[in-house]
Amino acid sequence: MDAATPRTMVSVNERNAFTFHGLLGLLLGFILLGAGISGAVLGGGIGAIWLIVVGVLVAIAGLATWGGMFILQPNQAMVLVFLGKYTGTVKGAGWHWVNPFTRKQRVSLRVHNFNSDRVKVNDLDGNPIEIAAVVVWRVIDTARAEFDVENYSQFVQVQSETAVRHLASSYPYDRPGKSEDFTLRGSADEIARALKQELQSRLGVAGIEVLEARLTHLAYSAEIAGAMLQRQQAQAIVAARQTIVFGAVAMVDDVLAQLTKKKIVDLTSAQKAEIVRSLLVVLTSDRGAQPVLSTGGA
């Protein structure tokens, strides 16, 4: 293969490893250790150097045998590697014994929480905001977690912060009056689903399952927080005024219709206009108004 040709990363899939009960390894170690000591003592007694050497080696092998024993708690796994080759994963809780020359790497299968730091980023509209999230995750493929990424815990942290930044720049912080648009502030469930999907696509290569992802902090940056608060207040006031005006117009229309229907008084166009003006003043004013209704006469 040419030295300049890039090598494709080989993905390793998880498989179960075969183990013995730890008691078997303990007994085998005692047997070898006892046999080795006995052989060495016997060799020393009869002056057989070769028997002493064999006895010492057997005793060392007995001690080394105990190096293959390990204990797993519930929701823990042990990844086994022998001579650089992945031989399998042990997931059953209990006392196990394997080849003592196998390298063993413990992996937690429990649920983890990651709280991202507050990061400053521009939203879709270009407004600087502060945002943070919590990610609930667990390892479901120990082989991928150990061999496809360098450090899966650090990988989760880096990819989570990257996903949060990308999410913040993909949606506006808020858009009053446009309920059909997804926003970071007003569409919590939709934003959570989008964040979870993006995280799963990023972390799947490491054998990670994302159980939940939600924003824990969302605010405008300090330099524009005051101005944006004033804008929100102004928008709220305008929206409230519009509601009041629409309601007042409906009420005035109903009053004129009732006066005409019941023929309580005959009103000219000018008198109707005066009644409309006065009623609107009463209904839309912030203060208690006392209008004078003119119906003609001296």
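Things worth noting here:
- GLY22 fulfils the conditions (1) of a type outside the set (A, V, I, L, M); (2) at pLDDT below 80; (3) surrounded by 13 or more Cβ atoms within 10 Å (Cβ to Cβ) except for a single criterion, (2).
- Boolean, SER201 is under 30 Å from GLU14 (Cβ atoms) and either modelled with pLDDT of 90 or more or surrounded by fewer than 16 Cβ atoms within 10 Å (Cβ to Cβ) (or both): yes
- Note on the range 48-104: residues that are more than 23 Å from SER38 (Cβ to Cβ), of a type in the set (S, T, N, Q) and not in a strand (DSSP E or B) amount to 4.
- The set of residues from the range 204-230 being modelled with pLDDT under 70 and either surrounded by 13 or more Cβ atoms within 10 Å (Cβ to Cβ) or polar (S, T, N, Q) (or both) comprises ILE224, ALA225, MET228, GLN230.
The values are calculated or read from the model by the stated rules, or taken from the named source; none is laboratory data. None of these values were measured; they are calculated from a predicted model. A quick note on method: Cβ atoms are made from the backbone with ideal geometry, for glycine too, and the neighbour counts reach across all protein chains shown.
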